[in-house]
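As structure tokens, the structure follows; a few thoughts come after it.
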Amino acid sequence: MAPAGIFISFEGIDGAGKSTHIEGLAQAFRAQGRAVTQTREPGGTPLAEKLRAMVLADAMDDLTEVLLLFAARRDHLLQVIEPALARGDMVLCDRFTDATFAYQGSGRGFDWQVLGQLEQWVQNTPGQGAGGTSFLRQPDLTLWFDLPPELAAQRLAGARLPDRFEAQPVEFFRRVANGYAQRLAAAPGRFASIDATLERHAVWQQITQALVRRGWLSIMVSNTKRP
Ligand code: TMP
């Protein structure tokens, strides 16, 4: 029988250092013989990547931004995430809906209740719950890379031309970090908080420990010095 698919999302403010670790984890899972779907939000499908380019570059009002993000998410869920989970893949997704609550909800001040409603509509998966009921698709685990905004800003300084979010002041990222903390408080069992101030190998160890604890990664693979 194929193993059950597992959905892991990676969150944090810009500059928190998720990317190298997502790559390292994909390699670790493949080394264990698991199929991996590595993807990102906004994006992950041709349509959602077009929406991503608009959201990151074009000026728009907050509701338009929220609707484009959820439209991209709907396409991504239907085309990529749900089929991958049905195949039994490890799905590693760079950001998911917690980012919308953190960036649009807390960062921009958009209504959390409306976001909750959109989350229900977009992530409703008919017929896949127990006894053929609907359920709300959420990541099985969210790794939150927690880093003070001032440190993230230092890391990002001069790295590349900033997009519409990276160009925001430190105060915006303080609110975003608070938004993530609120999402964690509301669903602590879904989150593992990673201290992203530490050096890279120590961060990697925290990540692999969270996965070994859940029985998703073997101790042998997690001990390899990666990334
Ligand atoms: P990335 O640079 O990590 O790929 O993310 C792109 C940017 O989009 C990042 O600054 C966070 C932002 N974002 C939102 O504002 N809301 C969302 O729902 C998502 C998924 C990302």
remark   = At the level of C-alpha centres, the distance separating the range 181-211 and the range 4-27, in angstrom, is 11 Å
ask   = What is the extension gain from Met60 to Arg200, computed as 0.36 nm multiplied by their sequence separation minus the C-alpha to C-alpha distance, in nm to one decimal?
value = 46.8 nm
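Suppose all protein chains stay in the model; what accessible area per residue would a 1.4 Å probe give for the range 6-195, in Å²?
On the way: 8130 Å² over 190 residues.
Counting only protein heavy atoms, the per-residue value for the range 6-195 is 43 Å².
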message = Multiplying the sequence separation of Leu156 and Trp121 by 0.36 nm and subtracting their Cα-Cα distance, what value in nm do you get?
response = 9.1 nm
ask   = Using a Gaussian network model of the chain with C-alpha springs under 10 Å, which one of Ser106, Ser19, Ser193 is most mobile by mean-square fluctuation?
value = Ser19
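Which of the three applies to the chain, rounded, prolate or oblate, going by the alpha-carbon gyration tensor with a ≥ b ≥ c and a/c under 1.5 meaning rounded? Working shown, then result.
Values: a/c = 1.65, a/b = 1.10, b/c = 1.49.
Oblate shape, in that a/c is at least 1.5 and b/c is the bigger or equal ratio.
What is the sum of charges around Phe145, taking Lys and Arg as +1, Asp and Glu as -1, for the other residues whose C-beta is under 9 Å from the C-beta of Phe145? Present the calculation step by step, with values, prior to reporting the outcome.
On the way: positive: Lys18; negative: Glu11, Asp146, Asp195.
Cβ neighbours under 9 Å give a net charge of -2.
Using alpha-carbon pairs under 8 Å, 6+ residues apart, how would you state the relative contact order of the range 1-135 in percent? Show your work: numbers first, answer last.
Working: 174 pairs, mean separation 45.3, N = 135.
Here the relative contact order equals 34 percent.
Measure off, as a whole percent, the carbon and sulfur share of the 1.4 Å-probe accessible area of the chain, all protein chains present.
Details: 5890 of 10510 Å².
Within the chain, the accessible surface is 56 percent carbon and sulfur.
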query = Taking the Cα-to-Cβ direction at Val170 and at Ala35 and moving 7 Å from each Cα, how far apart do the two end points lie in nm?
reply = 4.7 nm
query = Where in the range 120-145 is the amide nitrogen less than 16 Å from a point lying 7 Å along the Cα-to-Cβ axis of Arg74?
reply = 120-126, 137
request  = With springs only between Cα atoms under 10 Å apart, run a GNM on the chain and tell me which of Gly24, Gly107, Gly158 wobbles the most.
outcome  = Gly158
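The values are calculated or read from the model by the stated rules, or taken from the named source; none is laboratory data. These numbers come from a predicted model, not from an experiment. As a convention, Cβ positions derive from the backbone with ideal geometry for all residues, glycine included, and neighbour counts pool all protein chains shown. Ligands, DNA and RNA are stripped out before the accessible areas are found, and what is left, the full protein with its side chains, is counted by its heavy atoms. Shrake-Rupley method; radii C 1.70, N 1.55, O 1.52, S 1.80 Å.
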